[in-house]
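Reading through the structure tokens given below for one structure.
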Amino acid sequence: MVSCGVALSLVSCGGPAPAPAKAEPAAPAIPADIQSAAQAGLGSEAEVLAYGDLAKNGHQELLAINRVKFTPETVVAGTLVVRAAVLENEGAAWKEVFHCDEHLKNTNGFLDGTPLSPVAGWKLQYEQDPQKGLTMYFTPLAKPVGGYVQTLGVRWNPKVKRYQSLDRTFEKFQGEVPALETPQSQISR
């Protein structure tokens, strides 16, 4: 018994010190010009998620968001946003080439598949493919009035040189509409 007590005291008092916990590496800092462009586009609470040649079109772009300030009723995986934008650097200025707020829009209008009624918040998921570039997936956090919850894919279309929505298979590009209108019934009397 004495030898066990002595052994325990030697281990606890004279043993090697435990290794310090390894600190996780810090996230790479967003360059000041990129953060400044994001804030110019979405305000002081803008957060940059990605930047670089996102569309694989040779232009510097950034994906910035404004996070949701409310807590959804259900747990949702993904980044919760009220606004998102892709900005493209054109020399000395940054130009918005895609915008998400209550609707999804590009420079030509509303993206096909955008709900007619306003959406208060979106779940954003995105991936960067080495050939196709940035693909974003937007899902309304709540069922839009008169509609249903559907995930909309958005990617750069190199043929028309702008971001467009994708069909339900996320393979074919869809067009835009200049204005959102509620369809009217055409009943003849």
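By per-residue mean of other Cβ atoms within 10 Å, what is the highest-first order of 159-171, 133-145? Before the final figure, lay out the partial values.
Numbers: 159-171: 15.3, 133-145: 18.0.
By packing density, highest mean first, the sequence is 133-145, 159-171.
Quick one: of K95/K123; K123/K143; K69/K172, which pairs are farther than 22 Å apart, Cα to Cα? Show your work: numbers first, answer last.
Numbers: K95/K123 24 Å; K123/K143 12 Å; K69/K172 34 Å.
Exceeds cut-off: K95/K123; K69/K172.
What's the extension gain from I30 to A77 if we count 0.36 nm per residue and subtract their Cα-Cα distance? Present the calculation step by step, with values, prior to reporting the outcome.
Working: separation 47, 0.36 × 47 = 16.92 nm, distance 2.40 nm.
That works out to 14.5 nm of additional length.
We did not get these values from a lab; they are worked out from the coordinates using the rules stated. Not measured: the values here are computed from a predicted model. Glycine gets a Cβ as well: all are built from the backbone with ideal geometry, and neighbour counts include every protein chain shown.
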